[in-house]
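*Asks:* Please find one structure pasted underneath; my questions will follow.
What follows is calculated from the coordinates using simple rules that are stated; it is not laboratory data. Just so you know, these numbers come straight off a predicted model, no measurement behind them. So basically every Cβ, Gly included, is an ideal-geometry build from the backbone, and we count neighbours across all protein chains shown.
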Amino acid sequence: MAKGKTAKGTAIKQIEMRRCVICRQVRHKSELIRVVKISSGEISFDETGKTFGRGAYVCKSATCAATLKRRRNLDKIFKTKLSDELYKKISEAVELNTKEKIHM
């Protein structure tokens with residue numbers, strides 16, 4: 001049997017799992033926030049998760065966002081000094097996600 005196929009020969013859909021750079025937990029890609037560095041050196045918040053470039057994933061939890069801001073892990077990952085504005089955007093995205101869960 002070929003890799004990625006079932007016994008009947010139909011393809012198995014891959015589950016996109018990624019690791020949070022703070023807590024190191026493996027989660028589904030949709031449960032994480034992606035920050036990407038493109039080839040020109042620009043670093044941005046990737047809402048689609050499909051932007052080409054070097055990416056880092058962070059959980060949508062308040063503790064991971066606070067730890068990320070405090071430790072400035074993205075500075076180390078992307079080997080450059082990032083603005084506080086980007087860290088603020090990540091925190092806001094986490095807060096928005098938390099509010100959406102409460103209202104569900």
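*Asks:* May I ask for the net charge around residue 69, where only other residues with Cβ less than 12 Å from the Cβ of residue 69 are counted and Lys, Arg are +1 while Asp, Glu are -1? The partial results should precede the final answer.
*Replies:* On the way: positive: 70, 71, 72, 88, 89; negative: 75, 84, 85, 92.
Neighbour charge sum, excluding residue 69 itself: +1.
*Asks:* For a quick size check, give me the Cα extents of the range 17-99 along its three principal axes, largest first, whole Å.
*Replies:* Computed over the Cα atoms, the extents are 33, 25, 22 Å.
*Asks:* Right, here's the next one. Could you order peptides 70-83, 25-38, 53-66 by the average number of other Cβ atoms within 10 Å of their residues, highest first? Numbers along the way, then the final one.
*Replies:* Working: 70-83: 13.1, 25-38: 16.1, 53-66: 18.4.
The densest-packed peptide leads the list: 53-66, 25-38, 70-83.
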